[in-house]
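Sending over a structure as structure tokens; questions will come in a sec.
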């Protein structure tokens, strides 16, 4: 008789322990413990003011924590700067679109590729030298369904396609951990399905941590959910577990949800 197949949980790539942040006596985040795993989609949800964006800013070092410890790929990054942790593989998107509107889709991705190719510091080279990045850029565009928009100005894209372009520019940095801040905000039904499929595909090769208010999306694509309330973890687990928790139903979805 053969031995049963052993299954192991994917490795932890981003971790926080006892994370806290105070602002002039007000505690915005308190004692947050978080483990984000490779090849998994982890959602951070909660009512407005729960501290989700503050946690994002702490993890990506846009804010220094008042207390606690953050590790990325086993390295303590608690006191590191945002640019250093980005180069280590922790990359985020923002709620507000961050593409260059007057550049084409290809040019936007090519700009993002300059850093890993170290062309961003070679400012004396002619613009034509950036054409060496076209191949890698086109691979990304093809993977994310943007190839037909290769020569379209970013300003002329639909809102959903702009968000996909943002994901493409973050993937150009080849992150180990991708943080997405409300990727579905403002999207129509069709775009939500498109971007959900793309995030699911992206997460096959890296960890994804996302703040998201669309609970249908969270239920559909997320492996693990952490619920925040008043800066503290209220509940965590898979979607069914947190959705059935009476505290979550009251605090986030409403007592009659």
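Using a Förster distance of 25 angstrom, determine the FRET efficiency expected from the C-beta separation of residue 8 and residue 139, and round it to 0.05. Present the calculation step by step, with values, prior to reporting the outcome.
Values: r = 31 Å, r/R0 = 1.22.
Efficiency for this residue pair is about 0.25.
If you take every DSSP beta bridge fully contained in the chain, what fraction is antiparallel? Give it as a percent rounded to 5. Please list the in-between numbers first.
Working: 21 of 37 bridges.
For the chain, the DSSP antiparallel bridge percentage is about 55.
Now for a separate question. Between residue 114 and residue 100, what is the label-point separation in nm under the 7 Å Cα-to-beta-carbon projection?
In this crude label model, residue 100 to residue 114 measures out at 0.6 nm.
What ranking, highest mean first, results for peptides 9-15, 208-214 when packing means the other Cβ atoms within 10 Å averaged over each residue?
Top of the packing list down: 208-214, 9-15.
Roughly what would the spin-label model give for residue 62 and residue 213, points 7 Å off Cα along C-beta, in nm?
So the label points at residue 62 and residue 213 sit 1.6 nm apart.
Here is a further query. Where does the chain land at 222 nm, in deg cm²/dmol rounded to the nearest 500, when only DSSP H runs of n ≥ 4 count, each adding -39500 (n - 2.57), divided by all residues?
Numbers: 8 runs with 73 residues, N = 257.
Computed ellipticity for the chain at 222 nm equals -8000 deg cm²/dmol.
Any read-out appearing in this document is the output of simple, stated calculations on the displayed coordinates, not a laboratory observation. Computed from a predicted model, the values in this text were never measured in an experiment. Ideal geometry is used to build each Cβ from the backbone, glycine not excepted, and the neighbour counts take in all protein chains shown.
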